[in-house]
1. Gap in Å between the Cα centre of region 9-36 and the Cα centre of region 112-142?
2. Which one, His191, His140, His177, has the greatest fluctuation when you compute a Gaussian network model over the chain with C-alpha springs under 10 angstrom?
3. Within region 210-228, list the residues whose amide N lies under 18 Å from a label point set 7 Å along Cα→Cβ of Asp183.
4. Please list 103-112, 142-151 highest first by mean number of surrounding beta-carbon atoms within 10 Å per residue.
5. Which lysines does Lys138 reach when only Cα atoms under 28 Å apart count, and residues fewer than 8 places away in its own chain are ignored?
6. Only Cα pairs under 8 Å and at least 6 apart count here; give the relative contact order of the chain as a rounded whole percent.
7. So if each residue of separation counts as 0.36 nm, and I subtract the Cα-Cα distance between Arg217 and Asp51, what length gain in nm does that give?
8. Length gain on complete extension for the stretch His76 to His207, per 0.36 nm per residue less the alpha carbon to alpha carbon distance?
Amino acid sequence: MTLKAPAAPLILLAPSEEKAPGGKLGALAEDPAQRWVRDRLVDLVVHGSADAQRRAFEVKDAALDRAKEEALALRHRVPLRPALERYAGVAFQALDAASLEPGLWRQVFVLSNLRGLVRGDEPVPPYKVKLAGLPGLKAHWQRHLGPALADLPPGPVWELLPQDAAALLKGWTRPRHTIEILDPQGRAVSHWSKLYRGRVARWLLQHGQGDPAKVRRGRIEGAAWEGWSENGSGGKTLRLILAGTTP
């Protein structure tokens, strides 16, 4: 009898503030939910107050000017790069997608504030917008992520998200696994959490393994798995204990 291979794990990540520049110029396809965000972002730049713009982008001076230029550019052809190239923050540096097989990129999904649920190989333009900075944005994605989440392929889901991004999944009933990242004293870690979410995501992809019982036997650089429990999403929460205060 031939044993069936386990389904490949699916990984949910939050977007990063840092984004790689450039890309290949192209038309950005959009559905009504994505158009809603683009229209309001453009309207904010054209008609919004300076205070409202600073809240939405949470930058100032030259960085604010660049954010506004990127928002206005969304009305036209824009530079596009795959999501796992565009997002360049700490978690994505640890994931190091460029060194992975390109097919693995299709197992990663990013909760983009601009585009909703974006697969790792799907195009993303340069942009900046805070989830809590644009009025109605968080509630909008809570209402409209459902169809995209329902279309996710089979496989164990690993929700490697901070609390604010995880709130976008409210009402989604598919079972999924999560992690807690703790220091040696058992306290929740914030400073290094992005780095370790990226490292866990990389391990899952490299090993093609999403079964929590097997994941917790794996080795994560600078940390060790220590226990698990049921979570409120129909899956397991694994506890990752850092070896020290720094990676």
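No lab work stands behind these numbers, since they all come straight from the coordinates. All values reported here derive from a predicted model rather than from experimental measurement. Reconstructed Cβ throughout: ideal geometry from the backbone, glycine too, with neighbour counts over all protein chains shown.
1. Spelled out, the Cα-based centre of one part sits 7 Å from the other.
2. Comparing His191, His140, His177 in a Gaussian network model of the chain, the most mobile one is His191.
3. The answer is 222-224, whose backbone nitrogens lie closer than 18 Å to the label point.
4. 103-112, 142-151
5. Within the straight-line cut-off, Lys138 pairs with Lys19, Lys60, Lys68, Lys128, Lys130, Lys170, Lys194, Lys236.
6. For the chain, the relative contact order is 24 percent.
7. Residue separation times 0.36 nm, minus the Cα-Cα distance, leaves 54.8 nm.
8. Details: separation 131, 0.36 × 131 = 47.16 nm, distance 4.04 nm.
Result: 43.1 nm gained on full extension.
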